[in-house]
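Working notes for the structure below.
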Amino acid sequence: MAKIRGFYGILLVLISLCFGVRGEEAPLVFINARDENNSGYKWLQLVYDEAFKRLGKEYEVRIYPDKRGELLLAQGAVDGDLARTQDFIVLHPNLILVPVAVAWSNVAALTTREDLVLQQWEDLALYDLRVEYRRGSVLAETRLVPLIKPENLSIANDWETGIRKLLAGRTDVYVDMEVDVMSLLASGAFPHANLKMAGVLEKVYGYPILHPKNAALAKPLEKVLGSMTREGLIESYRRQALEASGSP
């Protein structure tokens with residue numbers, strides 16, 4: 001009988017442990033295309049660490065290319081995206097945009113041509129330019145496809161490939177977020193790169209995106225991020241992240 005009681009005792013402990021683990025709230029899974037070496041990611045990490053601390057919740061970030069992340073979020077395989085532009089939500093109206101900007105950046109047009117000066121998207125159509133943007137960049141795709149001839153428009157899989165092709169003379173202009181490109185250049189990945197910014201095409205803002213299964217989180221997150229904005233914390237985190245990475 002003692003052995004039987006011992007067996008049932010162990011069984012009860014195991015069951016209680018299982019229920020205890022299942023009862024714990026799992027961290028929310030957010031996605032981002034940037035890694036920990038990117039100043040934009042460091043900025044977002046500071047913002048979300050503070051926001052979720054105030055919410056009393058746990059979260060984790062998984063790194064996926066933008067296009068892959070877009071598919072995972074649409075399928076509900078993850079809980080949200082750290083930051084996307086408003087153009088993204090136009091393509092996915094079933095997703096939830098939390099209307100407080102957690103990041104912002106200029107859209108930069110980089111080139112090796114000293115003579116090239118651009119002031120707006122439409123200027124790209126004035127010249128016979130070979131233009132490239134990064135795969136999964138919804139905003140760049142939305143703006144460039146109507147402007148640039150298909151034979152002159154190409155897509156890079158990542159920031160490094162876009163810069164490398166530009167330096168090799170395979171493209172004339174590479175379009176991407178200034179904060180990401182400047183972070184890459186500051187890392188020393190291209191120490192002798194002879195690049196210049198042909199112009200700023202637009203200033204854009206990034207917002208948290210949630211899958212509908214997390215609709216209950218939208219208002220509390222909006223409230224917390226709104227408070228952080230008014231406190232100047234999000235701008236402070238931006239400066240802190242840029243200074244830490246050596247980005248201008």
Exercise. Within the stretch 128-160, can you find the residues that are assigned to a helix (DSSP H, G or I) and either within 18 Å of the chain's Cα centre (by Cα) or charged (D, E, K, R) (or both)?
Worked result: Val138, Leu139, Ala140, Glu141, Thr142, Arg143, Glu151, Trp159, Glu160
Exercise. Assuming Ala189 fulfils every condition listed in (1) exposed (fewer than 15 other Cβ atoms within 10 Å of the Cβ); (2) assigned to a helix (DSSP H, G or I); (3) touching a residue at least 24 places away in the same chain (Cβ under 8 Å) apart from one, which condition is it?
Worked result: (2)
Exercise. Which residues, taken from the stretch 93-114, are in contact with a strand residue (DSSP E or B) (Cβ under 8 Å, 6 or more places away or on another chain) and either more than 26 Å from Gly199 (Cα to Cα) or of a type in the set (Asp, Glu) (or both)?
Worked result: Leu95, Ile96, Leu97, Val98, Pro99, Val100, Glu114
Problem set entry | Scope the stretch 53-85; condition open to solvent by 60 Å² or more (accessible area, probe 1.4 Å), assigned to a helix (DSSP H, G or I) and closer than 19 Å to Leu217 by Cα; matching residues | Lys53, Arg54, Gln75
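So that you can scan it fast, the table gives a plain yes or no per residue for (1) out of contact with any strand residue (DSSP E or B) (no Cβ under 8 Å at 6 or more places or on another chain); (2) surrounded by fewer than 16 Cβ atoms within 10 Å (Cβ to Cβ); (3) not in a helix (DSSP H, G or I):
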position: Lys203; (1), (2), (3): no, yes, yes
position: Tyr207; (1), (2), (3): no, no, yes
position: Ala215; (1), (2), (3): no, yes, no
position: Leu221; (1), (2), (3): no, no, no
position: Val224; (1), (2), (3): yes, no, no
position: Thr229; (1), (2), (3): yes, yes, no
position: Tyr237; (1), (2), (3): yes, no, no
Exercise. List pairs: first in the stretch 83-103 and of a type in the set (A, V, I, L, M), second in a loop (DSSP other than H, G, I, E, B), Cβ under 7 Å, 6+ apart or cross-chain?
Worked result: Ala83/Val102; Ile89/Leu95; Leu95/His211
For this session: Taking the options Leu129, Leu91, Leu118, name whichever one is open to solvent by less than 10 Å² (accessible area, probe 1.4 Å), farther than 12 Å from Glu202 by Cβ and of a type in the set (A, V, I, L, M, F, W, C).
Result: Leu129
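The values are calculated or read from the model by the stated rules, or taken from the named source; none is laboratory data. Bear in mind the structure is a predicted one, so any value in this text is a computation, not a measurement. Note: ideal-geometry Cβ built from the backbone for every residue, glycine included; neighbour counts use all protein chains shown. Heavy atoms of the whole protein, side chains included, go into the accessibility calculation; ligands, DNA and RNA do not. Shrake-Rupley method; radii C 1.70, N 1.55, O 1.52, S 1.80 Å.
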